[in-house]
């Protein structure tokens, strides 16, 4: 052919970067990578979100060590009652509630309850939603249509109403700690499943039309292998974002359930929404501490996760991501595809090898 | 090309040197990216004289589009620019686009300089009539009544050759064909009488026959209105057809500037020489095809074909009670072992549909299609099992045909794993290395991910995957249309080598006659689902019988300005007949 001396070497600079980047593996970890990538306000939001969320998780995990008393403890070790509606003091930093519980302990233990509900709710909705979305989007047909209609119908319900209904069905009015947590988590799950279903289904429908799925079909690859190896792995990109946003929504829904009296009994576990409801009457009589601290806990936990979710969402989208701009024209020109060099026209292949593979060495 | 002018132009009272409508001086542009700043244009200086067509050619990443966008100040926020771009309007007022304020820039756009984009369908707003869209441009530049704006819109639509403009002015974009849409986009650019039109790949998205018409239109406009045109393109044929002067860009720099005749006959820069050599020309492959045909053994013509289509019909079901669309209508085809059949056609001719039907991706609705002894009509997944491993497929876009989460080695090993030849990708590594070597990729590339390879390298890996099972039939659906010419030349060469070595039969689908000619033993021309003409390259390209083939051939611009001038006359004569 005519073009013996043309060799294509257009790696566009991608390859060397990659090799250099391999040393610092921790820089590529999901969240670390995003923090490094972000600048300015977006970085501030992300870090604030991360800090709040980390504090929330730490408090939840170490609640037994941090809380001065148990969540349903009414008397101190020597049998003296705390007393109801005591203002903050050295024994009770955040005071006591109308029921005579220690507010600080309730807030700390409440973090644990919230975290458990968030984990169970998110895990359950991911498994169910992703599976349904994958099957529905991949096979299409009547199953897809039915599932989409059901998902839309669930969307149409006010989510809190649905959660209340399910809380009653699941727990039957009884509420032990795990019974209450499961009831709250599963009722939240039902509200969230359509979201995961929708997102995963849309991605699957898109990925299904990609050429690499076609190329798998041409090979005669089985449905299950295409679904798991090619489609699913490429459709889960947006899930971490929904997870963080849903986690904050789960906290709010749990608090809402508790506030309306469908949550967990105060003797079974501490729950912020319930405490908030019990403190309604206190607010008008000047007792601020019973409402302030559980309320603040809800706001901070939900805000931490929302900030994290929103900024991860912005960072994932190159159009929303802000970058550090250079003041002057800078940077190197990326290589384009043609190299007009004088390599041996008789043997373009060998010349190309040496050029394309500066590192030499085989795998 | 001195740096003297830049300092003068930087001030507000910009001066246009030597009467040019646009004068670019020491332009540098860089973009902020996640991986730090990237320089797209590194010191470009160009002049555009009134009434001149300046072609800026280069391959992807050479900075030609960025340069064009800078002329209109259309760069995104992430760009940092230095240097000067001085525009001179018809009234003689000069503006430095790089330094001027946003509101001033809005006045300049449309009045002094206008742009024609690549993809006409996405440039026009689908919810407004074309007349409204043209009038909007007029009314943005001065107080013009609705009636007057409409009158001028009708006038300009007539100028660009839209038939019945009084009536068509109230139509919506979807009611026009692709070529007409591009005419409307040109009308929008033209309506304010700018002294310069920047056309960024104005014909790349169009079929060759339509491309020839649009190039004619641009030439007429230049002659009649004296508008200068900056033509951004990668197609040397288009350059030869339209340009007066050519600037070749490479890695953000202008490597050569010359009048079009000089550039083609006596290129100076090494890069230009290489680029011109890589351009495929019709007639190059004929000799080799004849050689191959002579080398065939006795009785080859009577051997059982790998693909036999008889009255093949493929329809796509209509939606919302619309009638079904017939993409392929009664096509007869035969591919014999070891033979390369080139399938040529414009968009919508059904060429890709046939390729997909042979691979079992699109169901056959009528006639008969036998692939490797399997009847494809009504075939279920189970029936195709025996046929699958004997068939390879190379897709059009190498960027999307690899699973982005698997390494190249895993992707290439996938056919072997699926068909149980090996248990897992690791066990296939020996064979994968062999395949990568066959397509001239270093073995170590097996550990890279698809996005870490360039387009040409990915397409070679795609070829390796297609050949992994040593197929008897390879289907290549526009395998080089997403690649730059030089890369395309390398991939085609490799393709020809492998075909010779391994002897597989091949269906090579392409819209480019010159590319098909390089590889094919026989060429089949499709038009609106019908097979118009079939024969050897010599027959179809040398002495076409059908009018459509003749027109297709005449529309293909020849990368040589003198030959193209003759060629153009032929096309004109053909059209008038």
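Among beta bridges from DSSP that stay inside the protein assembly as shown, the antiparallel ones total about 55%.
Normalised by 2.2 N^0.38 Å, where N counts its residues, the alpha-carbon radius of gyration of chain B equals 1.06. Label-to-label distance, residue A:237 versus residue B:447, with points set 7 angstrom from Cα along the beta-carbon direction: 2.7 nm. With the contact rule set at Cα under 8 Å and sequence spacing of 6 or more, what percent relative contact order holds for the range B:4-278? 25 percent. Distance from the C-alpha centroid of the range A:196-254 to that of the range B:462-521: 33 Å, rounded to the whole angstrom. With viscosity set to 0.692 mPa s and temperature to 37 °C, compute the Stokes-Einstein D of the protein assembly as shown, Rh being the Kirkwood radius across alpha carbon pairs; µm²/s, no decimals. Stokes-Einstein gives a translational diffusion coefficient of 101 µm²/s. Once the Cβ-Cβ distance of residue A:84 and residue B:136 is raised to the sixth power relative to R0 = 45 Å, the FRET efficiency obtained is 0.05. Annotation: the antiparallel percentage among DSSP beta bridges lying fully within the range B:456-540 is about 55.
Go ahead and collect, in residue order, the members of the range B:185-208 whose backbone nitrogen is under 13 Å from a label point 7 Å along the Cα-Cβ direction of residue B:90. Counting backbone N atoms under 13 Å from the label point, the list is B:190-197. When only alpha carbons are used to place a centre, the range A:136-156 and the range B:117-155 end up 43 Å from one another.
Given a Förster radius of 35 Å and the C-beta distance between residue A:61 and residue A:165 as r, what FRET efficiency does 1/(1 + (r/R0)^6) yield to the nearest 0.05? Given R0 = 35 Å and the Cβ-Cβ separation, E is 0.65. Evaluate E = 1/(1 + (r/R0)^6) for residue B:102 and residue B:481, where r is the Cβ-Cβ distance and R0 equals 45 Å; express this FRET efficiency to the nearest 0.05. Rounded to the nearest 0.05, the efficiency is 0.75.
The antiparallel fraction among DSSP beta bridges confined to chain B stands at about 55%. Put a dot 7 Å past the Cα of residue B:423, heading toward its Cβ, do the same for residue A:223, and the two dots end up 2.9 nm apart. For residue B:294, put the label point 7 Å out on the Cα→Cβ axis and report which residues of the range B:525-557 keep their amide N under 18 Å from it. Correct set: B:536-539. State the Cα centre-to-centre distance between the range B:76-99 and the range B:338-354 in whole Å. Here the answer is 46 Å between Cα centres. Extension gain for the segment residue B:35 to residue B:164, taken as residue separation times 0.36 nm less the Cα-Cα distance, is 41.2 nm to one decimal. For the range B:488-540, averaging the sequence separation of C-alpha pairs within contact (under 8 Å, six or more residues apart) and dividing by the residue count gives a relative contact order of 22 percent.
222 nm [θ] for chain B, helices only, -39500 (n - 2.57) per DSSP H run of 4+, per residue, to 500? So the helix-based figure for chain B works out to -11000 deg cm²/dmol.
Bear in mind these aren't lab numbers, they're just calculated from the coordinates by the rules spelled out. This structure is a prediction, so every number in the text was calculated from the model and none was measured. When we count neighbours, we look across all protein chains shown, and the Cβ atoms used for this are built from the backbone with ideal geometry, even at glycine.
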